[in-house]
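Rule-based calculations on the coordinates, nothing more; no lab input. Since the structure is predicted, the reported quantities are computational estimates derived from the model, not experimental observations. Every residue, glycine as well, gets a Cβ built from its backbone with ideal geometry; the counts of neighbours run over all protein chains shown.
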Amino acid sequence: QESDGVEYIFISKHLFETDVQNNKFIEYGEYKNNYYGTSLDSVRSVLAKNKVCLLDVQPHTVKHLRTYEFKPFVIFIKPPPLDRLRETRKNAKIISSKDDKGTAKPFTEEDFQEMIKSAH
């Protein structure tokens, strides 16, 4: 179960769309009818506490982070071959979603195909 203020900060769809228009996200997207994004304010909040902010962003986002304000260290991790990735996801017992009754559903082949499709 995702908790507001722990894994994510929940805001209304209207506020999210307004923040997108006002360029308040490093990156954002939609997944299974929910919006997700990394806000500039959340990154700035971490940096203001003299902490390191670890981000997992799409490669095209890195160019927007290369600023005096953020000064990122960039690490690219090469994924394993597709057959190995499929096997590790199958054995990891990853929870991909929950059904209508709130029961956890394991990572499926459909989830894997969607992950590959979204990577391109």
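Name the long-range amide H neighbours of LEU55: under 5 Å, sequence gap of 5 or more, or other chain; modelled H, no Pro or chain starts.
Long-range HN contacts for LEU55: none found.
How large is ³J(HN,Hα) for each residue in segment 61-77, as worked out from phi by the Karplus curve 6.51 cos²θ - 1.76 cosθ + 1.60 (θ = phi - 60°), to whole Hz, x for Gly and Pro?
Running phi through 6.51 cos²θ - 1.76 cosθ + 1.60 with θ = phi - 60° gives 7, 4, 4, 7, 8, 6, 10, 4, 5, 9, 6, x, 9, 10, 10, 9, 10 Hz.
Can you flag which of LYS13/LYS71; LYS49/LYS71; LYS24/LYS71; LYS24/LYS49 are past 25 Å Cα-Cα?
Pairs exceeding 25 Å: LYS13/LYS71.
Report the local net charge at ILE11: Lys and Arg +1, Asp and Glu -1, summed over other residues whose C-beta lies under 12 Å from its C-beta.
Computed value for this residue: -2.
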